[in-house]
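Visitor: Sharing a structure, written as structure tokens. Questions coming.
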Amino acid sequence: MAQGGRFNRIYVSIDFEGLPGIAGLTMLGPRSPQYSVGRLVSTRIARFIAEQLLEHGFSPTIADSHGTMTNIDYLEMPRGTLLIQGFPRMVSMLTGLDEGYDAAFFIGYHAAAGTRYGVLDHSYSGRTFHAIYLNGEQASEYLLNALAAGEIGVPVALVAGDSVLEEEVRRHTPWAVFVALKKGYGRYAAGYESLPDILSKLSRGIEVAVSRIRRRETRPLRIEPPYRLRMILRRTEQADAAELVPGVRRVDAYTLEYTADSAIEIVKLVEAIAFIGYAVSHIS
């Protein structure tokens, strides 16, 4: 443990859609013809961030957080790194995060469902959710995960991903460094700098984030509960099945609502509805 009771541990949650070099569905999953490109990019960036954090004296935990969550090549991880993989898991993109971490980094994060020019915009599951709202605000994975981390007492210190996410990050966690990894020109169109240039930007961002962490300038994100969740599903049969979940209220053919005092409970509920929606869409 570091001086002042700190732990010198950083949790790094890595998604896909906000990474550079990824612009279309052909890159997103093991059955996609260009998935190997996305996997290489994800692994290179994960290794680079781990190496940077180790140089700064932090023990990195890398949480593989896209799709089946087995995208990062374990053999490429540097000594001293913990890699969390596999799906489904307890708190999805934040599994393993606890109060023993100084901060969380969200890498490769993307726009919420329904964001204009957001590259591959979605919220947790594009096949299940048309849109998700929290307390009346469009909810991205960044926002729900930042609230869940904050509930544990862990601040988000760096967010890197689609440039359209920057405004939301600055509004909710202004102490967090934001690094733009890509710019959207449409749902399936993006521009990005060379990977060496991107890594240089990430290095500078990590340096600033580490400085803020050590100066205690970051803080956990907290919004006063209750949390009122509104989920608009893609298909009515998905809502037919999802309304069976205790506590879920059916508003109309496509819309469900749920209220909770815990952000972690909200994340778990969204993930459960995503599972149900995915399963129903494949059997109906």
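Visitor: From (1) closer than 22 Å to residue 170 by Cβ; (2) surrounded by fewer than 16 Cβ atoms within 10 Å (Cβ to Cβ); (3) not acidic (Asp, Glu), pick out the condition that doesn't hold for residue 247.
Guide: If we test residue 247 against (1) closer than 22 Å to residue 170 by Cβ; (2) surrounded by fewer than 16 Cβ atoms within 10 Å (Cβ to Cβ); (3) not acidic (Asp, Glu), just (1) comes out false.
Visitor: Got at least one residue in region 181-192 being in contact (Cβ under 8 Å) with a residue 40 or more places away in the chain and of a type in the set (D, E, K, R)?
Guide: yes
Visitor: Between residues in region 206-224 that are farther than 14 Å from residue 174 by Cα and residues that are assigned to a loop (DSSP other than H, G, I, E, B), which pairs lie under 6 Å by C-beta distance while being six or more apart or on different chains?
Guide: 210/56
Visitor: Still on this model: Out of 96, 86, I need the residue that is touching a residue at least 24 places away in the same chain (Cβ under 8 Å), out of contact with any His (no Cβ under 7 Å at 6 or more places or on another chain) and either assigned by TED's automatic domain parsing to the domain that holds residue 153 or in a helix (DSSP H, G or I) (or both). Which one?
Guide: 96
Visitor: I need the full set of residues from region 79-130 which are more than 21 Å from residue 168 (Cβ to Cβ) and among the aromatic types (Phe, Trp, Tyr), in order please.
Guide: 87, 101
Visitor: Next question. Restricted to region 255-268, and to residues that are among the small types (Gly, Ala, Ser) and not in a helix (DSSP H, G or I), which residue is surrounded by the most Cβ atoms within 10 Å (Cβ to Cβ)?
Guide: Only one residue tops the list, namely 260.
Visitor: Please work out if residue 252 is closer than 21 Å to residue 131 by Cα and not in a loop (DSSP other than H, G, I, E, B).
Guide: It is false that residue 252 is closer than 21 Å to residue 131 by Cα and not in a loop (DSSP other than H, G, I, E, B).
Visitor: Report, by residue number, each residue of region 54-83 that is assigned to a helix (DSSP H, G or I) and either touching a helix residue (DSSP H, G or I) at 6+ places or on another chain (Cβ under 7 Å) or of a type outside the set (A, V, I, L, M, F, W, C) (or both).
Guide: Selection gives 55, 74, 76.
Visitor: Exactly one of (1) under 23 Å from the mean Cα position of the chain (by Cα); (2) within 28 Å of residue 172 (Cβ to Cβ); (3) without any contact (Cβ under 8 Å) to a residue 60 or more places away in the chain is unmet by residue 231. Its number?
Guide: Exception for residue 231: condition (3).
This table checks each residue for (1) over 24 Å from residue 277 (Cβ atoms); (2) in contact with a strand residue (DSSP E or B) (Cβ under 6 Å, 6 or more places away or on another chain); (3) surrounded by fewer than 21 Cβ atoms within 10 Å (Cβ to Cβ).
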| site | (1), (2), (3) |
| --- | --- |
| 112 | no, yes, no |
| 123 | no, yes, no |
| 190 | yes, yes, no |
| 208 | yes, yes, yes |
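Visitor: Residue 144: assigned by TED's automatic domain parsing to the domain that holds residue 190 and part of a loop (DSSP other than H, G, I, E, B), yes or no?
Guide: Spelling it out, it is not the case that residue 144 is assigned by TED's automatic domain parsing to the domain that holds residue 190 and part of a loop (DSSP other than H, G, I, E, B).
This table checks each residue for (1) in contact with a helix residue (DSSP H, G or I) (Cβ under 9 Å, 6 or more places away or on another chain); (2) of a type in the set (Ser, Thr, Tyr); (3) under 30 Å from residue 152 (Cα atoms).
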position	(1), (2), (3)
183	yes, no, no
186	no, no, no
197	no, no, no
240	yes, no, no
247	yes, no, yes
254	yes, yes, no
275	no, no, yes
281	yes, yes, no
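The values are calculated or read from the model by the stated rules, or taken from the named source; none is laboratory data. Since the model is a prediction, treat every value here as computed from it, not as a measurement. No Cβ is skipped: glycine too gets one built from the backbone with ideal geometry, and neighbour counts run over all protein chains shown.
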